[in-house]
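Comments concern the structure below.
Readers should treat all values here as calculations from the given coordinates under stated rules, not as data from a laboratory. For clarity, every value in this text was computed on a predicted model and none was experimentally measured. All Cβ positions, even for glycine, are placed from backbone atoms using ideal geometry, and neighbour counts span all protein chains on display.
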Amino acid sequence: MRTLIAAVTAATLLVVAPVPAQAGEPAPKTKTVPSYVSTQPGPGRFPLVEAGRAAPLVVSKDDYAGVIRVVDDLQSDIKKVTGAEPAVSHDAIPAGRDPVIVGTIGKSPLIDKIIARGKLDVRGVRGKWETTVEQVVSDPLPGVRRAFVIAGSDQRGSIYGAYDLSKNIGVSPWHFWDDVPAAHADRLYVLPGRHTQGTPKVKYRGFFINDENPATGTWAPGYFGPGKAPGYPGGLNADYFAKVFETMLRLKANYLWPAVWGRAFAEDDPLNHATASFYGVVMGTSHEAPMMRGIEEWNRHPTGTGEWSFRRNADAIKAYWRDGAERMRDQNIEGVITLGMRGNGDVSLPDGDGIDLMSSIIDSQREILRDTGLIDRPQVQTLYKEVQRYWDNGYRPPDDVTVVFCDDNWGNMRKLPDASLPARSGGYGMYYHFDYVGDGRNYKWADTINLTNTWEQLELSYRKGVDRLWVVNVGDLKNEELPTQFFLDYAWNPDAIPVDRLDEWTEQFAAQNFGDELAPAVAELLDRYGFLQSRRKPELLNRRITLDPATGEVVYNDQASPFNLTEYGEMDRVTEEWLDLARRATALRERVPAAWQDAFYQLVYYQIKDTAIIYELRRAQFTNIAYAAQGRAATNRLADTAERLFAEDQAMSDYYNTELAGGKWKNWQLQPKIGYGNVERYGPNAPWQQPELNNVALPDEIYPHLKRITVPAEAAMGVGSTRLPESNPWSSAAAPTLDIYNKGTTPFRYRVTTGAPWVHVTPSSGLVTDEVRPVVTVDWKRAPRGATSVPITIAGAGSSAVVQAPVNNPTLPARGFLEADGHVAMEADHYTGKAGQWRLLPGIGKTGNGLTPLSSGARLDYTMTLTSSGPVKVTAYLSPRNNTLPGDGLKYAVSVDGQTPQVVNITTATGANDTTMNRQWARNTSDNINRTTTTHTITKPGRHTLTFWAVDPTVIVQRLVVDTGGVKDSYFGPPESRRSR
């Protein structure tokens, strides 16, 4: 078998080397992890604040403006924590005081003198990119007994060092965006020794503020004031970007793509670029905005024919690009220059996609850069959507240009460097998404990121050589705090966050914002939230995506729940998981001190509680629609429930918009999330584009619309199904229930009798007002062996009905996973045996963990007992990855009992890797799963072994389902089968 698999995989298998694991009111207790700052004195410790006095802060007037500015922030932060405000001086050191000296090597005379005197060793720092050393130094300068020195290798190195001190004393990077207070400390001491954050592993690290309406676009003008340019709606001005830049630098980011839709960073406020330079931030432009000019600038000032067409309006476009280059040169803007061209409005070029055209475009841009003296500035070509075809078809930009690979907008990278190609001096970059507008549907409202999923793609990209530039679309920035900080922390040092310590990272994030005492509970909520939320975006909770059984085509239904209302208890199960999480968040909220309540609401409570409300609303909504078709008396009650829940959702948004943080976030929480798909109200783009109106208290905003029926007074009995799920002692499912309901407003009494004395119904009689669900159980000691069907008779309201109860009492020995109700379902990490190396990816799956291979010939074996023979279908549930590495697709193989493995190419079998982002891809990403099926023959009942073979290294298997004829339609598939050891 090993030889066979080796032959099958020899042409495509890429070996991935394993990465070793690394292992007035009381404020919350704090434990900044691990910190070089203490609240307790000790030998050699430098008193930052002691006895109500703060050490003075000293910076040279000759240093970078950004370094001089950050010292003022450090002054404010120390006062925020201790109440003591340190004095700030430029060059002069206050007599008799031990100072904090902040400066840049080669730019600060103070720092250079300390180095020249041999008091500060900067080997490993000098000449590095954005590197800092923090050290308590004795006799650093004449007349100075001792100083705490923060020395940076360059401007941002010094800035990061100052902000790192702020973080260590307890100031959260999110203090503005989420109103996180700092816990008070009377004393602060810096520990002796040499401290450093090291050198970043990814050179340019940052994010893209995008799709920022209606939240930022509505809130910012009111908070930051009117615009500076005529006709500009305001808000995203220099004051706004100053807050963004500060947060970036506190997170050790250095690179920004500014907002683009209807906005022009350089024009909306003439101070925007100057503010970026003042803070020390590197500016860029998105994939559709070449030569440091946002596309809105062209829309405002079209020239020539006015067409954004290089074929038909080249002279005007080149002049437009030249203006951008000259502005960059004349204003001395530090930036990364985007090359290439896309269509106006984030679409493909109107001129076609020939390589000769793209080559001509980039050659023209490079000529402009040479003419303006900018040819040595960093440049990128971003292979977004259709632009990747140029690369796939053989086009290569100049060697010094960084090639930026992209994900598919849903967190799955589409291409990674080919190790067989020559190294590029420009290296490779990555553009990733935490927020998106487009097919299958916008997701903009709340954080929906699974950290394990993100970790795996970042890890894979970094180990494949993507380390020059990382940028992530964060939407408004606020609402994506946790994944944004994780993305930037990982870009700084991937080795510091192995996958088996992701929970530690989340706890550190929680401690940073809520203190050490609350951190474990907060982290548990956030981890569970990320797992549940990543199963499906909230915006997609009224879209069901299926395959037409006749044609195999993908079919969208925007008036159906993706979760099955009846089978496997799926809708109830997923809703109750959210309600349980909301209850836990509500309970923890009671423990949060008053000063931290606003931060808790923004970073934890709102997103958990309101998502739970939406799930409960959707359950009531779709149950209401189903009940209306059956004429159930409970129909209108469920409509009332859905409208009540809609009002609760609106009340949470209203609180956010009017009361939270004293009204600071007025009109922030306006993002629609419930009315998607309403074509009659919002037009032909409604299936994927957000509703143009905000969710307001109108019943038809709950889409599909609720149903109300006229319920007669006379009682009438209905029964939900005439056949129950199978009862089986091997089943992992809950005991089946009868669904008895009333079609009238008058209650009636029911009675149930069974056709076998060993089948019981509890309660067997009672009163039905709206509906009841008696439980069906089997006395297995008395039940006959084998399969039988027992009739259950239900009588009430003058009528009766018979429901069949299938019962199967197996005769075979139980070994491994046990077949029941026509299937065996197995979570990937619950294997019986394995070969080769596999990496466990905790919580990456929709129902559990995932596994990805790290060596060739890797396989997973699963022992199972089947009660039937003949053909069976094996469905593999895989993460919806793309074919990122050289080869003709992404493959795995399955075999049963040593039969020839069946190889499946998951990207070509479904067309999911099509660069046009087709409907099958939209289904896989919306469902967050790639399901493919093979058929195998079982020769006889009994014990069998299913083997999952790794063919390509980037496959991630989540679960396997063997259908022996009983698998029901559902979103998750059947719950995991019972297992006998």
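Panel order for 762, 623, 925, by other beta carbons found within 10 Å of each beta carbon, from fewest to most: 762, 623, 925. A protection proxy built from the mean count of other Cβ atoms within 10 Å ranks the segments 574-580, 945-951, most packed first, as 945-951, 574-580. Only one residue of 247, 651, 502 has its Cα farthest out toward the positive end of the dipole of the chain, where Lys and Arg carry +1 and Asp and Glu -1 on Cβ, and that residue is 502.
Between rounded, prolate and oblate, where does the stretch 204-497 land on the alpha carbon gyration tensor, with a ≥ b ≥ c its root eigenvalues, rounded for a/c under 1.5, else prolate if a/b exceeds b/c? The shape class here is rounded. Each residue of the stretch 334-339 is assigned a 3J(HN,Hα), and the resulting list reads 7, x, 10, 8, 7, 10 Hz, derived from the Karplus form 6.51 cos²θ - 1.76 cosθ + 1.60 (θ = phi - 60°), x at Gly and Pro.
In summary, the lysines within cross-link reach of residue 609, defined as a Cα separation below 18 angstrom excluding same-chain residues under 8 places away, comprise 444, 478, 537, 673. Comparing the stretch 34-96 with the 2.2 N^0.38 Å rule of thumb, its C-alpha radius of gyration ratio is 1.20 (two decimals). Taking the convex hull of the alpha carbon positions in the stretch 717-809 and averaging its projected area over all directions gives 5.4 nm². Of the residues 860, 715, 615, the one whose Cα sits farthest towards the positive end of the charge dipole of the chain is 860 (charges of +1 on Lys and Arg Cβ, -1 on Asp and Glu Cβ, taken about the Cα centre). Once Rg and the Kirkwood radius are both taken over the C-alpha atoms of the chain, their ratio Rg/Rh works out to 1.00. Taking Cα centroids, how far is the stretch 794-852 from the stretch 489-538 in Å? The stretch 794-852 and the stretch 489-538 have Cα centres separated by 30 Å. Placing unit charges on each Cβ (+1 for Lys and Arg, -1 for Asp and Glu) gives the stretch 37-192 a dipole about its Cα centre, and among 118, 76, 37 the Cα reaching farthest toward its positive end belongs to 118. Classification of the stretch 37-192 by its C-alpha gyration tensor yields an oblate form. The axis ratio a/c (a ≥ b ≥ c) is 1.5 or more, and b/c is at least a/b.
Dipole size of the stretch 393-448 about its Cα centre, with +1 on Lys/Arg Cβ and -1 on Asp/Glu Cβ: approximately 80 debye, rounded to the nearest 20.
Peptides 955-965, 445-455, 657-667 ranked from most to least packed by the mean count of surrounding Cβ atoms within 10 Å: 445-455, 955-965, 657-667.
With a simple spin-label model that places each label point 7 Å from the Cα along the Cα-to-Cβ direction, the separation between residue 559 and residue 734 comes to 3.0 nm. Here are some pairs, 318/415; 80/243; 201/252; 128/201; which of them have Cα atoms lying more than 23 Å apart in this structure? In this structure, 318/415 exceed 23 Å between Cα atoms. Basic side chains Lys and Arg get +1 at the Cβ, acidic Asp and Glu get -1 at the Cβ, and with that the dipole of the chain about its Cα centre reaches some 2240 debye. Counting only Cβ charges, +1 for Lys and Arg and -1 for Asp and Glu, the dipole size of the stretch 37-192 around its Cα centre is about 480 debye. Packing order of peptides 715-726, 281-292, 331-342, highest average first: 281-292, 331-342, 715-726 (average count of other Cβ atoms within 10 Å over each peptide's residues).
Legend: calculated FRET efficiency, residue 583 to residue 765, from the Cβ-Cβ distance at R0 = 51 Å, rounded to 0.05, equals 0.95. Exposure proxy shown here: for 856, 359, 420, 138, the number of other Cβ atoms within 10 Å sets the order, fewest to most, as 420, 138, 359, 856.
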